[in-house]
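For reference, the structure is listed below as structure tokens.
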Amino acid sequence: MKILRRILARLVREVLREKKRTTEDSFDFSNYTTVTIPTVSFAFGGGVKIDLIPLGILISVCSTVACLAFAGNGDATDTGIFGNTQQLTFEVVYDVVGGKLGFGAAGC
């Protein structure tokens with residue numbers, strides 16, 4: 001997750017030419033009338049790819065500040081968590097017998 005946070009932060013900084021930041025992972029958009037959020041996708045085994053909606057990438061904390069919706073897990077070998085913020089608009093499907101987990105687009 002650290003790598004994803006760094007890459008996404010760099011992309012957002014490129015969009016924000018003034019590089020006005022409030023904290024490491026928060027951005028002040030007060031000088032902008034429109035903001036383009038880069039596409040972020042998660043790739044899972046079996047060729048499954050999930051494109052996140054903007055609310056799964058940045059979380060608005062007030063009318064002008066948004067923060068990355070990701071948190072690092074300390075080490076690349078640690079287990080990652082695909083959180084509820086990233087799961088917005090997806091149905092989660094459990095195949096208990098088959099031991100599989102799936103995501104269906106256009107859920108709740």
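The values are calculated or read from the model by the stated rules, or taken from the named source; none is laboratory data. What you are looking at is a predicted structure, and each value in this text was computed from that prediction instead of being measured. Cβ sites come from the backbone with ideal geometry, for glycine too, and all protein chains shown count toward neighbours.
Only strands (runs of 3 or more DSSP E) wholly contained in the stretch 55-108 count here; list those with 2 or more residues that are modelled with pLDDT under 80 and more than 25 Å from residue 33 (Cβ to Cβ).
100-104
Given the criteria modelled with pLDDT under 80, out of contact with any helix residue (DSSP H, G or I) (no Cβ under 9 Å at 6 or more places or on another chain) and exposed (fewer than 13 other Cβ atoms within 10 Å of the Cβ), does residue 13 qualify?
Judged against the criteria, residue 13 is not a match.
When you look at residue 101, is it surrounded by 10 or more Cβ atoms within 10 Å (Cβ to Cβ), of a type in the set (A, V, I, L, M) and closer than 18 Å to residue 40 by Cβ, yes or no?
no
Kindly indicate the residue of the stretch 21-45 that is modelled with pLDDT of 80 or more and of a type in the set (Val, Ile, Thr) and also farthest from the chain's Cα centre (by Cα) among those meeting that condition.
Only one residue tops the list, namely 33.
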